[in-house]
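Worksheet for the structure shown next.
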Amino acid sequence: MLRCHEINRSRGLNVVDASILVVEDDGTLRELLKYNLQKEGYSVLTARDGGEALDLFAKNSPHLILLDIMLPVIDGTEVCRIIRGKSATPIIMLTAKTEEIDRVVGLEIGADDYVTKPFSMRELIARIKAVLRRTEAGKSTGDSPPGTHDVLKAGDISIDLMKHVVLNRGKGVELNPKEFELLALLLRNRGQVISREQILREVWGHDFFGNDRTVDVHIRWIRQKLEADPEKPRYLITVRGYGYKFTE
């Protein structure tokens, strides 16, 4: 019999049929999460520490990861960095920490969302569904939006929307999926100021639970990869108190 995630890949992913890797060292919470997610129709794998999480991820390729930050063997932030270095699999961080700096660190290392403990199971499941919908929508079509060309160019930057390739002076630039969507949005509207709120709607969707700090973090990542001097950007310009624009 095919596993649930294998069936999903052959017919297109349903957000309530996805496979989820739960990484949590608290046994009671781990089993509670597994029980509730299985009730929702998800296929669930569980790991007690960061090392086990990486092994299960490599062997099973889950559709989403619920990842606690405070883990034995390898902590959650390092697990996130390792996975994000080779995969765009969505990651939702789980942690008891509430300081803003910890939420920012979670986003900076590539997490798609961030949930602080204690949390409502209903809210967590809603976030899981929202992240899976955004992920599936982003890869469901290879067509360019109406009125756009397959390749966008400005200055030394070019984006192939069909192939998801970014070039800077002819050299390839590795962007994660959200960085790619954000850069494409600004490039399509070059010269125009796009507000943080609009960017969140266009790139993350109406059901995103985070705040506009997410946009700032992703802009910083893109600058580090594209700009000769990220502190004095040529392309991605901040319009203070409002948003960003792409200039040539």
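The values are calculated or read from the model by the stated rules, or taken from the named source; none is laboratory data. Since this is a predicted model, take the numbers as computed values, not measurements. Every residue, glycine as well, gets a Cβ built from its backbone with ideal geometry; the counts of neighbours run over all protein chains shown.
ASN189 meets the conditions (1) farther than 27 Å from LYS86 by Cα; (2) under 21 Å from the mean Cα position of the chain (by Cα); (3) among the polar types (S, T, N, Q) in every case but one. The failed one is (2). For the range 194-216, a residue qualifies if it is under 19 Å from LEU175 (Cα atoms) and either surrounded by 20 or more Cβ atoms within 10 Å (Cβ to Cβ) or among the acidic types (Asp, Glu) (or both), and the qualifying residues are ILE199, GLU202, VAL203, TRP204, THR214, VAL215, ASP216. Among the residues making up the range 32-59, those that are surrounded by fewer than 16 Cβ atoms within 10 Å (Cβ to Cβ), part of a helix (DSSP H, G or I) and either among the hydrophobic types (A, V, I, L, M, F, W, C) or in contact (Cβ under 8 Å) with a residue 12 or more places away in the chain (or both) are LEU32, ASN36, GLY51, ALA58. With respect to the conditions (1) modelled with pLDDT of 95 or more; (2) surrounded by fewer than 18 Cβ atoms within 10 Å (Cβ to Cβ), LEU2 falls short on a single one, namely (1). Residues in the range 137-153 that are of a type in the set (A, V, I, L, M, F, W, C) and out of contact with any helix residue (DSSP H, G or I) (no Cβ under 6 Å at 6 or more places or on another chain) were compared, and the one that is modelled with the lowest pLDDT is ALA137. Quick check on the range 166-178. Is at least one of its residues crowded, with 20+ Cβ neighbours inside 10 Å and of a type outside the set (A, V, I, L, M, F, W, C)? Yes, because at least one residue in the range 166-178 is crowded, with 20+ Cβ neighbours inside 10 Å and of a type outside the set (A, V, I, L, M, F, W, C). Among the residues making up the range 207-248, those that are in contact (Cβ under 8 Å) with a residue 60 or more places away in the chain and part of a loop (DSSP other than H, G, I, E, B) are ASP207, PHE208, PHE209, GLY210, ARG234, TYR235, GLU248. Screening LYS163 with (1) in a loop (DSSP other than H, G, I, E, B); (2) at pLDDT 90 or above gives one miss only, at (2). Scanning the range 116-127 for residues that are over 14 Å from LEU32 (Cβ atoms) and of a type outside the set (S, T, N, Q), we see that the one that is surrounded by the most Cβ atoms within 10 Å (Cβ to Cβ) is ARG127. Looking across the range 76-93, the residues that are farther than 20 Å from LYS34 by Cβ, of a type outside the set (Val, Ile, Thr) and out of contact with any helix residue (DSSP H, G or I) (no Cβ under 6 Å at 6 or more places or on another chain) come down to GLU78, CYS80, ARG81, ARG84, GLY85, LYS86, SER87.
Taken over the range 101-136, the residue count meeting the criterion of being modelled with pLDDT of 60 or more and either in a helix (DSSP H, G or I) or in contact with a Phe, Trp or Tyr (Cβ under 8 Å, 6 or more places away or on another chain) (or both) is 24. Against the conditions (1) in contact with a Phe, Trp or Tyr (Cβ under 9 Å, 6 or more places away or on another chain); (2) more than 21 Å from ASP113 (Cα to Cα); (3) assigned to a helix (DSSP H, G or I), LYS178 satisfies every one except (2).
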